[in-house]
Amino acid sequence: MSEPRKNHLTIDGGQGREDEHVVASYKPIPESDTGFRTSKSNLSKSKEKVSAEEEKLLEKEDEAKITTRVDMADAKYVVGDHRNGDAKIELDANKRQFSGLTKEELMKYADDPFWVRLRWFMFIMFWALWLCMLAGAIAIIVRAPKCAPPPPKTWYEKGPLVDMSSVDNFENLESELPLLQNSQVEGIFTYVCKDTYEVLETPDCLQQFKDFVTKAKKYSIKVIVDLTANFVSKSHTWFALSENRSAEYDNYFIWAKGGDYDEAGKPQVPNNWVSTLDTPAWSWSEQRQEFYLHQYGEDQPDLNFTNPDVVRQFDKVLKLWMEAGADGIRLHKARQLVVNASLADEVADAGSGIAREATHSQYKFWRHRHTSDLPALEPLLAHWAHLVDHTPPATGAGETVFTLAEERRPELFLLRHNLTSLRPPSAAPIQVSNAAEVVVRLRNLLPYWPAIQLVDEEETNEELSSLALLLPAAPVVDINQLGVDNNTTDSSHFSQMAAMRQDSSIEHGLYSIAAVPAQNSTNKLIACARWKSGHTGYAAVYNPNLEEARANLTSLSTVPSSLTIHHVSLNVKLYTNYTNNAAVNSDDVLVPPKSTVVLSYVPNTTVEN
């Protein structure tokens with residue numbers, strides 16, 4: 001279909017613009033005006049000169065010269081005031097609009113095979129491209145590098161853990177359970193039997209332990225059993241059988257023939273080994289006519305853990321405790337479990353200041369390369385750690401404790417062997433009298449998130465627990481450090497500090513530890529800062545000295561110039577008048593003697609980045 005032809009007439013007879021309507025009107029022209037009788041060009045010029053009042057009708061011969069091209073089908077006549085003879089002509093008034101294809105024409109194209117195929121092609125192409133984009137988006141999400149969330153901390157890493165090994169009966173342990181729960185304690189260490197191997201013969205102790213564990217679970221307290229595998233009593237059946245050279249038990253203990261004989265005809269000890277009690281490590285057996293090794297008491301002969309039968313005996317002990325409901329095992333004196341079978345002499349520990357003050361008859365005089373921290377100890381501990389974690393009801397998910405308890409520094413052993421079998425890694429109690437030495441030891445240990453107990457030389461210090469709870473470690477505290485009066489069960493200070501262990505800055509954040517100076521003295525204080533991007537930072541400052549100190553924390557890089565008092569104990573509040581949320585300057589924090597001040601701050605993001 002085609003549009004009708006469009007003709008538009010301008011006043012000068014030319015072709016007009018589309019949709020322009022030209023209206024011609026006629027009025028009487030005075031007879032005296034004859035300017036429009038010459039030519040077509042004169043008509044155009046006169047139009048510009050004359051006004052509407054001077055417009056005149058053309059003569060018939062001139063009117064005939066004007067060519068009009070008007071399609072009358074598109075014209076509309078409009079009669080104005082018929083009394084004056086007015087009339088108008090509107091062009092394109094009846095223009096017809098395009099009405100589109102008819103239904104029959106559309107159906108003709110709808111059924112055409114070419115258009116059918118084209119529509120199907122476009123349909124399939126659209127969904128194919130959509131699926132490709134979806135697959136690409138999924139691939140980008142899956143393959144794009146992303147920051148893995150930090151692994152969640154286990155219950156023993158979160159802590160706190162309370163050392164209750166000094167409590168010697170289950171009745172006293174049960175009486176402390178409400179206090180432990182109020183203090184948000186995760187677990188306790190406890191001795192349950194005097195003789196580690198007693199449970200293999202008499203089940204009485206084991207049954208009492210099962211009853212206690214049932215009650216402890218009701219308070220959400222986990223129980224870790226303290227064991228000493230090194231020895232049995234000299235009166236134990238195993239020693240008697242070994243002394244008699246019974247075939248099965250002959251090699252249960254470490255026996256050695258003597259060396260040369262003295263002037264009295266008595267055999268000399270096999271080597272220069274000294275026990276931890278500063279006595280000779282060998283004792284003579286008249287019945288067997290050999291020496292037996294005891295690195296502790298003379299009535300505590302060392303078991304021979306190079307003998308697989310002895311290892312299996314302790315395996316049984318571990319299984320019994322774990323099946324009875326224990327949440328883990330802590331081994332005492334474990335670093336002396338294996339000795340050098342060659343029985344070579346020890347050498348003096350000339351590099352130690354303590355050794356220079358000791359004599360050859362004292363344990364700390366010697367280096368103990370043949371009686372402590374031997375390489376064979378590592379696979380033995382790994383075997384027991386696996387056994388503890390896979391004895392039902394344990395799940396094998398690393399949620400059980402298997403660690404060591406030591407009375408002296410184990411850091412070098414830990415760093416040298418990097419014992420991944422320990423959960424958590426062990427550390428001896430750390431005396432806090434010298435801030436610089438404490439910081440050095442903590443810097444060596446904290447990368448392993450170990451179990452750490454801070455102790456004061458003079459007394460059990462409640463204030464010390466506030467610093468311990470901010471360390472990136474599993475804090476071990478004494479029952480007396482929970483900060484309660486004997487007549488009450490209020491442990492609000494300790495429990496509030498323990499609740500901070502769940503904060504992201506402490507659970508997963510970075511840390512900085514330093515021996516910071518005091519403005520008013522030459523003393524040093526122990527300061528630990530914890531922070532995580534997008535979270536509040538925390539700092540704890542402990543004063544190990546007997547006089548107050550004004551700590552300067554500017555050496556902690558992420559600490560800004562101003563901090564806020566986050567929490568104060570009653571002792572700190574009475575001494576300093578500090579209140580929660582009070583502002584203090586980082587270079588002037590008043591810390592009372594033997595006390596800890598805990599602060600919060602917005603980390604310095606520039607240094608953090």
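Taking region 300-321 as the range and being open to solvent by less than 10 Å² (accessible area, probe 1.4 Å) and either within 25 Å of SER275 (Cβ to Cβ) or without any contact (Cβ under 8 Å) to a residue 40 or more places away in the chain (or both) as the test, the residues that pass are PRO301, ASP302, LEU303, VAL310, PHE314, VAL317. Taking the criterion of being farther than 20 Å from TYR363 by Cα, of a type in the set (Asp, Glu), at pLDDT 95 or above and crowded, with 19+ Cβ neighbours inside 10 Å, would at least one residue in region 322-333 satisfy it? Looking for residues that are farther than 20 Å from TYR363 by Cα, of a type in the set (Asp, Glu), at pLDDT 95 or above and crowded, with 19+ Cβ neighbours inside 10 Å, one finds at least one in region 322-333, hence yes.
Let's see how each residue does on (1) exposed (fewer than 13 other Cβ atoms within 10 Å of the Cβ); (2) assigned to a loop (DSSP other than H, G, I, E, B):
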site: THR202; (1), (2): yes, yes
site: PHE209; (1), (2): no, no
site: THR214; (1), (2): yes, no
site: SER220; (1), (2): no, yes
site: ALA240; (1), (2): no, no
site: ASP250; (1), (2): no, yes
site: GLU263; (1), (2): yes, yes
site: ASN271; (1), (2): no, yes
site: THR276; (1), (2): no, yes
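One residue stands out among those in region 519-536 that are out of contact with any Ser or Thr (no Cβ under 8 Å at 6 or more places or on another chain) and surrounded by fewer than 20 Cβ atoms within 10 Å (Cβ to Cβ): the one that is farthest from THR564 (Cα to Cα), which is THR522.
Tell me, yes or no, whether region 152-159 has at least one residue that is without any contact (Cβ under 8 Å) to a residue 40 or more places away in the chain, under 30 Å from PRO472 (Cα atoms) and either open to solvent by 100 Å² or more (accessible area, probe 1.4 Å) or in contact with a Cys (Cβ under 7 Å, 6 or more places away or on another chain) (or both).
yes
May I ask you to list the residues in region 288-326 that are hydrophobic (A, V, I, L, M, F, W, C) and either under 45 Å from the mean Cα position of the chain (by Cα) or on the phi > 0 side of the Ramachandran plot (or both)?
Correct list: LEU303, PHE305, VAL310, VAL311, PHE314, VAL317, LEU318, LEU320, TRP321, MET322, ALA324, ALA326.
Can you say whether LYS218 is of a type outside the set (Val, Ile, Thr) and at pLDDT 95 or above, as far as the supplied structure shows? So LYS218 passes the test. Among the residues of region 361-373 satisfying the criterion of being in a helix (DSSP H, G or I) and touching a helix residue (DSSP H, G or I) at 6+ places or on another chain (Cβ under 9 Å), which is least open to solvent (accessible area, probe 1.4 Å)? Among them, the one singled out is PHE365. When region 110-138 is limited to residues that are at pLDDT below 90 and open to solvent by less than 100 Å² (accessible area, probe 1.4 Å), the one that is nearest to TRP449 (Cα to Cα) turns out to be LEU118. Could you check region 374-408 and list, in sequence order, the residues that are open to solvent by less than 20 Å² (accessible area, probe 1.4 Å) and of a type in the set (D, E, K, R)? Residues satisfying the conditions are ASP389, GLU406.
Scanning region 382-407 for residues that are of a type in the set (Val, Ile, Thr) and in contact with a Ser or Thr (Cβ under 8 Å, 6 or more places away or on another chain) yields a count of 2.
A count restricted to region 502-522 and to residues that are within 11 Å of LEU470 (Cβ to Cβ) and not in a loop (DSSP other than H, G, I, E, B) stands at 4. Residue under question is ASP503, and the condition is that it be surrounded by fewer than 22 Cβ atoms within 10 Å (Cβ to Cβ) and in contact with a His (Cβ under 8 Å, 6 or more places away or on another chain); does it hold? In short, yes. In region 451-468, is there at least one residue being touching a helix residue (DSSP H, G or I) at 6+ places or on another chain (Cβ under 9 Å), of a type outside the set (S, T, N, Q), more than 19 Å from THR596 (Cβ to Cβ) and assigned to a loop (DSSP other than H, G, I, E, B)? Within region 451-468 (the criterion being touching a helix residue (DSSP H, G or I) at 6+ places or on another chain (Cβ under 9 Å), of a type outside the set (S, T, N, Q), more than 19 Å from THR596 (Cβ to Cβ) and assigned to a loop (DSSP other than H, G, I, E, B)), the answer is no, since none of the residues qualifies. Go through region 442-465 and give me each residue that's surrounded by fewer than 18 Cβ atoms within 10 Å (Cβ to Cβ) and closer than 28 Å to ASN571 by Cα. Matches in region 442-465: ASP456, GLU457, GLU458, GLU459, THR460. Which residues, taken from region 537-586, are in a loop (DSSP other than H, G, I, E, B), open to solvent by less than 70 Å² (accessible area, probe 1.4 Å) and closer than 26 Å to ARG443 by Cβ? Across region 537-586, the qualifying residues are PRO544, ASN545, ASN552, LEU553, LEU556, SER557, THR558, VAL559, PRO560, SER586.
Check whether at least one residue in region 222-231 is assigned to a helix (DSSP H, G or I) and either under 27 Å from PHE305 (Cα atoms) or among the β-branched types (Val, Ile, Thr) (or both), and report yes or no. Break it down into steps so the answer makes sense when it comes.
Of the residues in region 222-231, the ones assigned to a helix (DSSP H, G or I) are none.
Scanning region 222-231, I find no residue that is assigned to a helix (DSSP H, G or I) and either under 27 Å from PHE305 (Cα atoms) or among the β-branched types (Val, Ile, Thr) (or both), so the answer is no.
The values are calculated or read from the model by the stated rules, or taken from the named source; none is laboratory data. Everything quoted here is computed from the prediction, not taken from an experiment. No Cβ is skipped: glycine too gets one built from the backbone with ideal geometry, and neighbour counts run over all protein chains shown. Areas reflect the complete protein model, heavy atoms only, side chains present, ligands, DNA and RNA absent. Shrake-Rupley method; radii C 1.70, N 1.55, O 1.52, S 1.80 Å.
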